[in-house]
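**Student:** Have a look at this one.
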Amino acid sequence: MSFQLTGTLSESTFEVPEVDDGVHPAKVIDLCDPYEEPNQFKDGELQTRFWVDWELDLGDGATEQLRQWINIPDAMLQQPAKLNPKSKLHALMIAFRLIDDDGGFEFDLDSWMGKTASLLIQNKQSKAGDERPYIIDVKPPAARKGSKRTGGLRERLEVD
């Protein structure tokens, strides 16, 4: 059985979000299952990747959505899985506190929905020539004012 799709070309309705440079709190609102596609840097090879949709808190109740594409390094697909500390995937897993002190981890994308982080955004020129925001780095969420880094939320929620 083959799959075919026909249609017509149309103008893209995608609007580039307006996000100021800097650090913004964000949460995961959607993500896709990993998929394979041709590796644009290694002719004839495939790369495994997925995307994460973030909702950025711009302050005063304003939000904006931004998508981040993440490559899954080949070493992650081997047993035992290995993760390079320089990879974007490693930064995400550190931000979500999914890597143990001894370096052990479990890769479970379903558990990422609703997780929060601090995103470093920088507006740069895209390959198409327009300026757009890019996620440069992902860090653990900043502590809220009045809370301690560990247990602060729990302490505020407890009622005597």
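**Student:** If neighbour count is taken as other Cβ atoms inside 10 Å, put 113, 76 in order from fewest to most.
**Tutor:** Result, fewest neighbours first: 113, 76.
**Student:** Also, quick follow-up: Filter 42/115; 82/127; 27/124 down to the pairs with a C-alpha to C-alpha distance above 29 Å, please.
**Tutor:** 42/115; 82/127, as the Cα separations exceed 29 Å there.
**Student:** Highest mean first, what order results for 33-40, 68-75, 17-24 on Cβ atoms within 10 Å?
**Tutor:** Ranking, from highest mean packing down: 68-75, 17-24, 33-40.
**Student:** Further, regarding this structure: Dipole size in debye (nearest 20) for the stretch 22-141 around its Cα centre, Lys and Arg Cβ +1, Asp and Glu Cβ -1?
**Tutor:** Here the size comes out at about 380 debye.
**Student:** Using bins 5 angstrom wide from zero, how does P(r) for the stretch 1-142 break down, in % of all Cα pairs?
**Tutor:** In order of increasing distance, the bins hold 2, 8, 15, 19, 19, 16, 11, 7, 3, 1, 0 percent.
**Student:** Another question about this same structure. Looking at 40, 76, 123, which one has the Cα that reaches farthest to the positive end of the dipole of the stretch 22-141 (charges on Cβ: Lys, Arg +1; Asp, Glu -1)?
**Tutor:** Most positive-ward Cα: 123.
Every read-out reported here was derived from the displayed coordinates using simple, explicitly stated rules and does not represent laboratory data. Please read all numbers here as calculations on a predicted model, not as lab measurements. Don't worry about glycine lacking a Cβ; one is built from the backbone with ideal geometry, like all the others, and counts go over all protein chains shown.
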